[in-house]
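Report on the following structure.
We did not get these values from a lab; they are worked out from the coordinates using the rules stated. Every value quoted in this text rests on a predicted model; they were computed, and no experiment measured them. For neighbour counting, all protein chains shown are included, and Cβ atoms are generated from backbone atoms with ideal geometry for every residue, glycine included.
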Amino acid sequence: MKAEQESPKSVVEDSHKSHGLNRRNFLRGSIAAVAVTVPAMGISEIKKASGAPAAPEAPAPETPKGPPAKSLLVLRKNCTGCNSCVYACSLFHDGHVRPATARIYVRRVKGIVDVPNICWHCIDAPCVEACPVTPKKAIYKDKETNVIKFTDEKLCLGAKCNKCVDACPPQYLRVHPETLRPLFCDLCGGDPQCVKACARQSRETGEVLRADPRVGGVHRSFRDVTPDEAVEGLIKSLYYPNVEGERR
Amino acid sequence: MANHKGGHFGKILDIDLTSGNISTKEYDAELARKFLGGTGLATYYLYKEVPKGTDPMSPENLLILSSGPLCGTECPGGRLSVNFKSPVSGGLGNSYVGGGFTSDLKWAGWDMVILRGKAPKLSYIYIKDDQVEILDATAMAGKDTYETEEMIKEEIANPDAKCLVIGPAGENLVPVAAIMSERFKAAARLGGGAVMGSKNIKGIAVHGTGAVPIAQPEAFHKAAELAINMSANIDRAPGFRQFGTALSLDQNGWYDTQLATRNYQTAYYPDVAGLGGEEATRNFWQKHAACPGCQIHCMKFGVLRGTEKHDGLIAEGPEYESGVMQGSNLGMAVLEESIPLIELCDALGLDNIGAGNVVSFTMELMERGILKPEDIDGIDARFGNFDAAYQLFEAIAYKKGKAGALLGQGTYAMAKQIGGDAPKYACVSRKQGIAAWDPRSARAMMPTYALGPRGGVHTDGGNPKGIADRVVGSSCCLCYFVPGTWADRANSNIIDMLNPLCGWNINDAEFALIGKRIITLQRAYSHREAGDNRASDTTFDRAFTPLPEGPKAGSKWTKEEFKKLQDEYYAYFGWDNNGVPTEKCLKEYGLDFCMDSLKE
């Protein structure tokens, strides 16, 4: 069981037991971690690289109830820009389609690459760190669900501050157009709607979004990728030798 | 007036470009239920507000960007309908473009944008929710569509804005100019780009942060969920999601024999193997791409690698129409040659189909000795000559030299100018160059080419009922690929979503009536402006000659068959024998305001 020993240390022992992670799920998790560290890689290469048993191509038939999701993973290269995740997110949270308030968003850049932006649910949570409100911070990381929550939304200074938005390494955080307070991904209470919506239509393209039941199985090297860097990498990997993506 | 329960805001953004005056126009729920939105409602305003006999390129013409009730919701496949009086046909001008513009327009709180007048200098418009600005675009003059879009997004500092732009072709008022969006998407047919150019508008950007109101959310979400699941179901769109419309390239050129080839001389083209979906999968495509909210992702982006010319060229395609009009119809046989032409049309803002049609027509005239190279600046335009085709597309867009002047007027006018035998080889229906399906074997294309509300386009439906149903979908601004995945639930899915969305109780009968009403309104408009009737509902001569080769060799239309098609079509909508709406049917459809169209 070498693979297990080499897996990221941040996998909390307790979460194994409490959510009944069997070895298979665990292995799939570690595949995902590899996948995300190299977002530009195709799925087949990742399988080769990881040397792990191949995950099924098609999304698994709906399992009754898996362990609750504690973070998200994204393979940007497969994204078609269909925005189904965005629609599903705002439908779940607001009851109608409104991308401006969605907790996930996709931007098409230069007309040729699609960049999904997600909350990586990082363990060190720089957004919480940056919150200047005293004595009690306006936001905190919920240990149980691994999402950022408002201590009390009224404590948040909103547009006057937005220090959390500036602190987010992948520049993911956006503010609500009316309240001007940040929009945090709450993983839909452990069952992310974006992942389901994506799986419904990513059969030809390969998986784009994945829910991970582990806490902080994500390394900084890919969390810290800004959208601009992601665009650069995607254009290079998809459209080489045209690394700028301009007209020729 | 705002008695809308959902789906519509009842608000139209009315921009007078001459004076710079921006106002809001309201309409009531009754009108929305009669014409839905999209092309239906836009044709209503076109009919009412553009005086009879207006010159399409004059400031009096309107450019109406119209969204539909289902756009901006989770219903898959929203498109924008662009409406104007066409400089090509002289009648109804109407084309569609996918992408995010239409839903962002809704999220900004508008159902429709009407552009009237003419801006004093080259300008672009920025719509951010209810903030609307007309901004200076002189720095973008002559820029291609991609550069223009990037410049606009940078100037307004909003990478999330969706843009409609024109390229050099639109600025030069070429009738085969398209309005482009998101680099590769086009509202191409009937000369919308030229109308936008005549208004001195280089681009329109929109970004909305709101949401569409829903009358009965629970019922609507349930119906939409069903529609989405049907679209996402792979069995309903086999191969289509994998290959996009390029799937038809391989099928049509080989055993279906429907692929327009060498200016529609034949429809059998085994060389299509070098242009089709399979070839593109192996050697060109890099990525699937979808319009927002759609499960089909029919677009494919790719890059040319290791080619002598245009190495590193990024393009969308080949899809069926562009793969034919810039491929087999020009005698190209490899992606290396068709892709740069497709990309060139997109960048210059040319209608792939219209411009491709005029170039293939030129090539046939050249081969038949009717045209000489010296007539078109010494360009040796023969089938399969890539460089000549490239030069011709550039000449059209920039109206350059003799070639630009001759070809830049479109197939119909060009054939008329040359005279003699030339019109025999011009493949036009109702004055517009036809699309990439040969109607001799693709029988269902004849009604849409010759009789549909626009003429010459391939997307209006294959029989009278199909045409009426299609226009309802188009007025809700649905991409017609999406109802295609709903099969026999195509109409009922639309009804099931519209009713709870708008708080209506439309049934099948009313659905059919709306279709007939809108088609009749469009006919009345085209009849008033361009005199459309039985005599003008024509198609090209070649359709009546047999297909020369392939599995369907010998297939052709006869005059009797064509007449029967016309009879059925006119009877279905209750028009008279001459193809003109009658007073009775106008009354029945509630189109009393169209009575004046019947007067000569």
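Sorting A:C79, A:C161 on the 10 Å Cβ count, fewest up front, what's the list?
The fewest-first ordering by Cβ neighbours comes to A:C161, A:C79.
Once the piece of chain linking B:D592 and B:N3 is laid out straight, how much longer is it, given 0.36 nm per residue of separation minus the C-alpha distance between them?
209.7 nm
Mind checking which of B:G452, B:G100, B:V358 is farthest towards the positive end of chain B's charge dipole, using Cβ charges of +1 (Lys, Arg) and -1 (Asp, Glu) about the Cα centre?
Final value for the positive-end residue is B:G452.
Given points 7 Å out from each Cα along the Cα-Cβ axis, report the B:N229 to B:T307 separation in nanometres with one decimal.
With each label placed 7 Å out from Cα toward Cβ, I get 4.4 nm.
Residues of A:73-83, mean number of Cβ from any other protein chain within 10 Å of their own Cβ, rounded to a whole number?
The shielding value for this peptide is 5.
What shape does region B:468-600 have by the C-alpha gyration tensor, where a ≥ b ≥ c are the square roots of the eigenvalues, rounded means a/c under 1.5, and otherwise prolate means a/b greater than b/c and oblate the rest?
oblate
Set the Förster radius R0 to 51 Å, insert the Cβ-Cβ distance between B:E218 and A:Y240 as r into 1/(1 + (r/R0)^6), and round the FRET efficiency to 0.05.
According to the calculation, E is roughly 0.55.
Which distance in Å, rounded to a whole number, links the C-alpha centroids of region B:455-500 and region B:233-278?
With region B:455-500 and region B:233-278 each reduced to a Cα centre, they are spaced 23 Å.
Can you spot the lysines whose alpha carbon is less than 18 Å from B:K559's alpha carbon? Ignore those fewer than 8 places along the same chain.
B:K424
How high is the FRET efficiency from B:A512 to A:R107, r the C-beta distance, R0 30 Å, rounded to 0.05?
Computed FRET efficiency for B:A512 and A:R107 comes out at 0.15.
When the scattering of the protein assembly as shown is computed by the Debye formula from its Cα atoms alone, each counted once and equally, what is log10 I(q)/I(0) at q = 0.06 Å⁻¹?
-0.39
Let me spell out the model: positive unit charges on the Cβ of Lys and Arg, negative unit charges on the Cβ of Asp and Glu, origin at the Cα centre of the protein assembly as shown. What dipole size does that give, in debye rounded to 20?
1120
Taking the Cα-to-Cβ direction at B:E561 and at B:N283 and moving 7 Å from each Cα, how far apart do the two end points lie in nm?
Using points 7 Å along Cα→Cβ, the separation is 3.6 nm.
If one computes the Cα centroid of region A:204-248 and of region B:152-211, what distance in Å separates the two points?
29
If the cut-off is 20 Å between C-alpha atoms, which aspartates and glutamates fall inside it for B:K563, apart from same-chain ones fewer than 8 positions away?
B:D438, B:D460, B:D532, B:D537, B:D541, B:D576
Among the listed pairs B:K143/B:K431; A:K77/B:K185; A:K70/B:K106; A:K137/B:K106; B:K11/B:K431; A:K149/A:K236, which have their C-alpha atoms separated by more than 27 angstrom in this model?
B:K143/B:K431; A:K70/B:K106; A:K137/B:K106; B:K11/B:K431; A:K149/A:K236
For chain B, rounded, prolate or oblate, judged on the Cα gyration tensor with a ≥ b ≥ c (square roots of eigenvalues), a/c < 1.5 rounded, else prolate if a/b > b/c?
Here chain B falls in the rounded category.
Grab the Cα-Cα distance for B:E155 and B:A535, subtract it from 0.36 nm times how many residues apart they are, and report the gain in nm with one decimal.
131.8 nm
Pull up the DSSP beta bridges for the protein assembly as shown and report the antiparallel fraction as a percent, rounded to 5.
Of the beta bridges lying entirely in the protein assembly as shown, close to 85 percent run antiparallel.
So which aspartates and glutamates pass the test for B:K400, namely a Cα distance under 15 Å, with those fewer than 8 places away in the same chain ruled out?
Result set, ordered by chain and number: B:E171, B:E374, B:D375, B:D377.
Output the antiparallel fraction of DSSP beta bridges having both residues in chain B, as a percent to the nearest 5.
Roughly 80 percent of the DSSP beta bridges within chain B come out antiparallel.
Ignore the peptide's own chain and count Cβ atoms of other chains within 10 Å of each Cβ in B:207-218; give me the average, rounded.
Partner Cβ neighbours, averaged per residue: 3.
Can you sort B:D14, B:D438, B:D421 from fewest to most other Cβ atoms within 10 Å of each residue's own Cβ?
Ordered by Cβ neighbours within 10 Å, fewest first: B:D421, B:D14, B:D438.
Taking a virtual spin label 7 Å from the Cα of A:Q171 along the C-beta vector, which residues in region B:156-198 bring their backbone nitrogen under 13 Å of it?
Under 13 Å, as judged by backbone N against the label point of A:Q171, lie B:158-160 of region B:156-198.
Roughly how big is region B:389-518's charge dipole about its Cα centre, with Cβ charges of +1 (Lys, Arg) and -1 (Asp, Glu), in debye to the nearest 20?
Dipole of region B:389-518, to the nearest 20 debye: 660 debye.
Using 0.36 nm per residue of separation minus the Cα-Cα distance, give me the extension gain between B:R489 and B:E49 in nm, one decimal.
154.7 nm is the gain from fully extending B:R489 to B:E49.
Dipole of chain B (Lys/Arg Cβ +1, Asp/Glu Cβ -1, origin at the Cα centre): which of B:P87, B:A290, B:G239 lies farthest to the positive side?
B:P87
For the pair B:S19 and A:V128, what calculated FRET efficiency results from E = 1/(1 + (r/R0)^6), where r is the Cβ-Cβ distance and R0 = 60 Å, to the nearest 0.05?
0.70
Can you tell me which of A:186-197, B:305-316 comes out highest on packing, and rank the rest after it, using the mean Cβ neighbours within 10 Å?
Ranked by mean Cβ neighbours within 10 Å, highest first: A:186-197, B:305-316.
Could you list the trypsin sites (Lys or Arg not before Pro) in region B:357-458 that lie in coil according to DSSP, counting only those with at most 14 other Cβ atoms within 10 Å of their Cβ?
Within region B:357-458, the qualifying trypsin sites (Lys or Arg not before Pro) (loop, at most 14 other Cβ atoms within 10 Å) are B:R368.
Between B:D136 and B:D380, with labels modelled 7 Å along Cα→Cβ, what's the label distance in nm to one decimal, could you check?
4.9
Just checking the output field for A:241-248: average partner chain Cβ neighbours within 10 Å of each residue's Cβ?
That works out to 6 on average.
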